[in-house]
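Here is the structure we will look at, set down as structure tokens.
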Amino acid sequence: MSCQTSSVSAILFLLAVSVSGTPSSDETAAIAWLERYNTQAQDVYFRSSTASWAYNTNITDETQQRQVEVSLETSQFIKEIAQNATALWDWSGMSFDTKRKFDSITNIGSAALQDQTKLERLTNIQSDMRRIYSTAKVCETVDGQENCMDFEPDLTRELATGRDYDRLQFIWDGWRASAGPSLRPLYQEFVSLSNEAAQANGYADTGASWRSSYEVDTFEQDLENIYEELKPLYLNLHAYVRRKLRETYGTRVGLTDPIPAHLFGNMWSQQWNNIFDLVEPYPNKPGGIDVTPKMVELNYNATHMFRVSEEFFTSLGLGAMPDTFWERSMIVRPTDGREVVCYASAWDFSRDRDFRIKQCTDVTMEDLLTVHHEMGHIQYFIQYADQPLIYRGGANPGFHEAVGDVLALSVATPKHLKQIGLLDEVTEDPDADINFLMATALEKIAFLPFGYLIDQWRWRVFDGTIGSDNYNAEWWRLRTKYQGIKPPSTRDETLFDPGCKFHIPNNTPYIRYFVSFVVQFQFHEALCKEAGHTGPLHTCDIYRSTAAGDKLKAMLQMGESQPWPDAMEAITGQRSMTASSLLKYFQPLTDWLKQKNWENRERLGWDAETWQDAKDPATSFARALRTTLPVMLLALMAAMFFRC
Ligand code: KAW
Ligand code: ZN
């Protein structure tokens, strides 16, 4: 949560450089102006973050109103700065760095809305949508008493551990009935106002403005190519998991159908790690480690989990958390009755090395990995803290999301878990390796189509291809197309299922996570090489490698000062995103899945997708024969029939 919106009235001295009326091309003076801007903006963003934090950690009418007020003041500041910059400076002939800074401060997001009433409406809608999502509950009557469940931890836990088809459906339906319908009209209005702001900023629509942060013209096509490379692995995982769910839930899971969405242990079927027990390749072998029971046995609490994560960072030679981080963060759900925004986030207050995390941490392995994810954001903040405010951001948004996950790839290895006392024994066994890779695939491979489709939906909503009368239908078309899942109950246009995923009402772009899940494997491979790791990629643990830490640090310190291919090069030596590290990491599992699916004569895919037979891993000739033989036989029989 860096540079959140909210502020103060115009900073007049920033105007007082040129009075001649024509923009100046004096770069030395422009740099001095930018430095003054930097000092001033830090204060404005600090104020804004403070009001947002107060709202997020205590949702009341007062904190909401204050947050909206400060947000509008900040928008005013942002707008005036941009106007002043344009009036005072002609940066077209200045250096790359100065141009980059001016381009950044004149790209002003929703502050570009000229009409103040509309800006106020947009700010209020966003605040209301966040509140509706964050305070939604599912209620039921138990023994004559009403029992209302929060999303975290109640609903999350029920979905993760429940195995009763109908109960899971009750939770799944309940969540969508609770948050969706009231968000729908707000979202529709939001789309229109947000687009108006994007257009005032010179973009075709909000989606185009989001994509511009990747600074690559071919961004959409590059993603599509990567997705196509990864799709066969997803289809193989999907088919394998579908058969296992059929064994658990019977014919309600069709062997050639999309899978009912509520059976994956996760509200959005986006990660399937919680159903590992149902799909474990070798149940009598170790490997697919869920250390949750061990964490409970060892009396882990949230602070302990954050300390474990901090220690991994410091073992690489990276920064420890400042004292204020420990004093000011909110790492458990408050027990004093306060409503809070529980969804995890990391905050950079822009001043005084004030960094915080807000997370309703549960003592589970899943949350231990989320802790590392959030701490990755904080480590990025720490490393780029000496950059000017304008450059305090990820090389691209996907990089910011990838940092903590890179460390978590090491943390989750059996070797590492043993080292930190969360596992008693490590067994060298290829079957245990497959168990481990399956557990990791349920988290990483299962996520890929979900990470890809969310903004496929939003980009088309913003560009008008998906109209408001089709929000839900198009959402489910994409969910089925990409994930191969279907809703367990009838959906219609009074509902708004996209709104039941945090990032939609919170207006957080999502393609960053797809990017992150690809690049984190590139980073992992590069850092493992730096750490001197030999052997398969999935066994690498970079713990205590200061060589790996130095590489990572060099990249983090660049912040947003260079286009992301430069940052990518600093860490991997490559200048583009590629799926090859991810595919390399999972190669043993890919081979295993192909073999299993072929043995089961699995049909990969689902209705509404083109069918593919599972591929015989041994020989493509056998595959060709299997598919063409029936056709040839039919043709032969037809020929004989007609000749008779
Ligand atoms: C995921 C990612 C890594 C590991 C496991 C995962 N499981 C699911 C995901 C993807 C995604 C999700 O839950 O669907 N993960 C998150 O949203 C984690 C939250 C966040 O750290 O990414 C957070 C989202 C957020 C953004 C804006 C306002 C509020 C919350 N992002 C940040 O806090 C953040 C901070 C600084 C810079 C960029 C982002
Ligand atoms: Zn994140």
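The values are calculated or read from the model by the stated rules, or taken from the named source; none is laboratory data. Because the structure is predicted, anything quoted here is derived from the model rather than measured. All Cβ positions, glycine included, derive from the backbone under ideal geometry; neighbour counts span all protein chains shown.
Here are some notes:
- Figure legend. Inter-residue proximity from the range 154-167: first residues assigned to a loop (DSSP other than H, G, I, E, B), second residues not charged (D, E, K, R), beta-carbon distance below 6 Å, spacing 6+ or different chains. Indicated pairs: GLY162/LEU168.
- Entry remark, the range 99-119: residues being more than 31 Å from the chain's Cα centre (by Cα) and either part of a helix (DSSP H, G or I) or in contact (Cβ under 8 Å) with a residue 12 or more places away in the chain (or both) number 3 in total.
- Some residue of the range 232-245 being among the charged types (D, E, K, R), touching a strand residue (DSSP E or B) at 6+ places or on another chain (Cβ under 9 Å) and either without any contact (Cβ under 8 Å) to a residue 12 or more places away in the chain or crowded, with 16+ Cβ neighbours inside 10 Å (or both): yes
- Any hit, the range 212-223, residues being touching a helix residue (DSSP H, G or I) at 6+ places or on another chain (Cβ under 6 Å), free of Cβ contacts under 8 Å to residues at least 24 places away in the same chain and either surrounded by fewer than 17 Cβ atoms within 10 Å (Cβ to Cβ) or in a helix (DSSP H, G or I) (or both): yes
- Selection status of PHE514, buried (at least 16 other Cβ atoms within 10 Å of the Cβ), under 28 Å from ILE445 (Cβ atoms) and within 16 Å of ligand 2 (Cβ to nearest atom): yes
- Among the residues making up the range 346-369, a single one is among the polar types (S, T, N, Q), within 16 Å of THR292 (Cβ to Cβ) and surrounded by 23 or more Cβ atoms within 10 Å (Cβ to Cβ): THR361.
- Listed here are the helices (runs of 4 or more DSSP H) enclosed by the range 355-442 that have at least 3 residues being farther than 19 Å from ARG544 by Cα and either touching a His at 6+ places or on another chain (Cβ under 7 Å) or not acidic (Asp, Glu) (or both): 365-383, 397-411.
- Among the helices (runs of 4 or more DSSP H) confined to the range 512-622, the ones with at least 2 residues that are among the aromatic types (Phe, Trp, Tyr) and over 30 Å from TRP459 (Cα atoms) are located at 580-599.
- On the stretch given as the range 248-290, residues that are away from ligand 1 (no atom under 16 Å from the Cβ), more than 18 Å from TRP592 (Cα to Cα) and part of a loop (DSSP other than H, G, I, E, B) total 7.
- Count - residues of the range 390-399 that are surrounded by fewer than 24 Cβ atoms within 10 Å (Cβ to Cβ) and away from ligand 2 (no atom under 11 Å from the Cβ): 4
- Residue match in the range 334-348 (condition: among the basic types (Lys, Arg), within 16 Å of ligand 1 (Cβ to nearest atom) and in contact (Cβ under 8 Å) with a residue 12 or more places away in the chain): no
- Boolean, GLN221 is at pLDDT 95 or above, closer than 25 Å to GLN483 by Cα, within 16 Å of ligand 2 (Cβ to nearest atom) and of a type outside the set (Lys, Arg): no
- Applying the condition of being in a loop (DSSP other than H, G, I, E, B) and buried (at least 20 other Cβ atoms within 10 Å of the Cβ) to the range 318-330 and asking which residue is nearest to ligand 1 (Cβ to nearest atom) yields SER329.
- Boolean, ALA402 is within 13 Å of ligand 2 (Cβ to nearest atom), buried (at least 22 other Cβ atoms within 10 Å of the Cβ), of a type in the set (Gly, Ala, Ser) and closer than 25 Å to GLN587 by Cβ: yes
- The single condition among (1) surrounded by 20 or more Cβ atoms within 10 Å (Cβ to Cβ); (2) assigned to a helix (DSSP H, G or I); (3) touching a Pro at 6+ places or on another chain (Cβ under 7 Å) that LEU495 does not satisfy is (2).
- Residue match in the range 446-467 (condition: more than 16 Å from ligand 2 (Cβ to nearest atom), of a type in the set (Ser, Thr, Tyr), at pLDDT 95 or above and outside any helix (DSSP H, G or I)): yes
- When the range 545-583 is filtered for residues that are basic (Lys, Arg) and either touching a strand residue (DSSP E or B) at 6+ places or on another chain (Cβ under 7 Å) or crowded, with 16+ Cβ neighbours inside 10 Å (or both), the ones remaining, listed by number, are LYS551, LYS553.
- Residue within the range 289-297 that is surrounded by fewer than 18 Cβ atoms within 10 Å (Cβ to Cβ), farther than 30 Å from TYR45 by Cα, at pLDDT 95 or above and in contact with an Asp or Glu (Cβ under 6 Å, 6 or more places away or on another chain) present: no
- Residues being closer than 25 Å to ASN274 by Cα, more than 16 Å from ligand 2 (Cβ to nearest atom) and aliphatic (A, V, I, L, M) - total across the range 333-378: 2
- If only residues of the range 130-149 that are out of contact with any Ser or Thr (no Cβ under 9 Å at 6 or more places or on another chain) and surrounded by 15 or more Cβ atoms within 10 Å (Cβ to Cβ) are counted, the one that is nearest to THR60 (Cα to Cα) is ARG131.
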